[in-house]
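Written out below as structure tokens is the structure these notes cover.
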Amino acid sequence: MEKWYWTTYGYWNDIDSCNSGGGKKTRGRHSTWFYTNNTRSDCKNAHARPEPMGLFAYAVIKKGNIIMKYTVLTLFPEITDAFFANSIMAKAIKRGIIEYQAVNIRDFAQDKHKTCDDATYGGGPGMLMLPEPLSLAINAAKKVSVTHRVIYLSPSGKPFNQEIAKKLAQEQELILICGRYEGIDQRIIDLYVDEEISVGDYVLSSGEVAALAVIDATYRLVDSVITAESLDEESFSSGLLEYPQFTRPEVFDRIKVPEVLLSGHHEQIRLWRLEKQVEKTLRQRPDLIQRGRELGIFDKEINGIIDRLIGEKDERN
């Protein structure tokens with residue numbers, strides 16, 4: 001059985017079988033340590049595919065028979081390495097739900113100095129990423145891909161939100177281009193990019209940070225990564241922000257946990273939380289309230305709470 005595995009450095013690795021269940025660390029000819037999780041009873045030697053495709057990074061999420069793959073094209077793979085080595089993502093990798101590697105665009109540079117940027121035509125400050133290394137990296141990624149969607153993280157892109165995260169989570173593969181300097185050559189966008197996405201109305205020096213925001217927002221929507229119950233009441237799941245939450249101790253710095261949360265009365269707790277969601281959204285994101293009403297997202301109960309809270313505010317003013 002051929003499978004793809006995570007390596008911090010090296011090429012695509014293909015393991016023919018290993019271990020009679022559970023995970024195992026092994027070493028490929030063109031790689032450092034990587035994690036395997038097979039169920040074959042026989043165990044043959046691990047080996048690396050001898051195609052010099054460069055430092056290649058991707059993550060694979062398995063949803064039944066569907067494979068979702070994240071391919072990250074970057075000049076700094078160590079930035080994304082750290083994300084996949086910690087917290088929930090690391091646990092998902094260990095469980096075999098996700099597998100990760102990273103594409104170093106610099107490995108596709110054409111000169112001995114591995115140059116990946118140059119001055120812009122027409123003048124102006126800053127440098128632009130060269131199209132040749134990036135196009136080679138994209139083509140290398142597409143060569144091993146069945147279906148994919150190429151995304152460029154850019155401040156000029158469509159604003160990223162939870163709805164887009166849900167949509168992207170249904171793709172079989174996302175190829176994420178991490179810009180640097182002044183960005184990338186427009187011809188790369190015209191030839192390869194399916195969608196430009198912005199994570200906010202501000203400028204980052206690191207496209208990797210933006211790519212990780214998209215990865216984090218989408219991978220967690222996949223079955224078995226996070227429990228469905230945890231996702232149901234998150235911010236934006238119902239068009240509202242999440243309600244305030246409390247844990248032990250019952251009194252902290254003279255502030256007590258609201259009595260209703262200690263009552264054990266489930267319906268009263270539900271109503272308190274719903275009202276706090278509306279209250280918080282009205283205060284911090286009134287645009288979400290307006291949008292929710294325009295799209296008809298809110299039910300009669302939520303609309304009633306909105307009207308009451310707005311009325312109470314008007315009376316106070």
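The values are calculated or read from the model by the stated rules, or taken from the named source; none is laboratory data. Every value quoted in this text rests on a predicted model; they were computed, and no experiment measured them. Using ideal geometry, Cβ is built from the backbone for each residue, glycine included, and neighbour counts are taken over all protein chains shown.
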The residue from Ala85, Ala119 that alone is free of Cβ contacts under 8 Å to residues at least 40 places away in the same chain, exposed (fewer than 13 other Cβ atoms within 10 Å of the Cβ) and over 30 Å from Leu288 (Cβ atoms) is Ala119
Checking Leu282, Leu274, Leu261, Leu309 in turn, the sole residue that is more than 28 Å from Asn161 (Cβ to Cβ), out of contact with any Gly (no Cβ under 8 Å at 6 or more places or on another chain) and in contact (Cβ under 8 Å) with a residue 12 or more places away in the chain turns out to be Leu261
When His266 is run through (1) free of Cβ contacts under 8 Å to residues at least 40 places away in the same chain; (2) within 26 Å of Lys166 (Cα to Cα), the failure sits at (2)
Just one listed residue, out of Pro155, Pro159, is under 27 Å from Gly239 (Cβ atoms), out of contact with any helix residue (DSSP H, G or I) (no Cβ under 8 Å at 6 or more places or on another chain), at pLDDT below 95 and assigned by TED's automatic domain parsing to the domain that holds Ala213, and it is Pro155
Of the candidates Gly200, Gly239, Gly183, the one satisfying the condition of being more than 22 Å from Met89 (Cα to Cα), in contact (Cβ under 8 Å) with a residue 40 or more places away in the chain and not assigned by TED's automatic domain parsing to the domain that holds Arg95 is Gly239
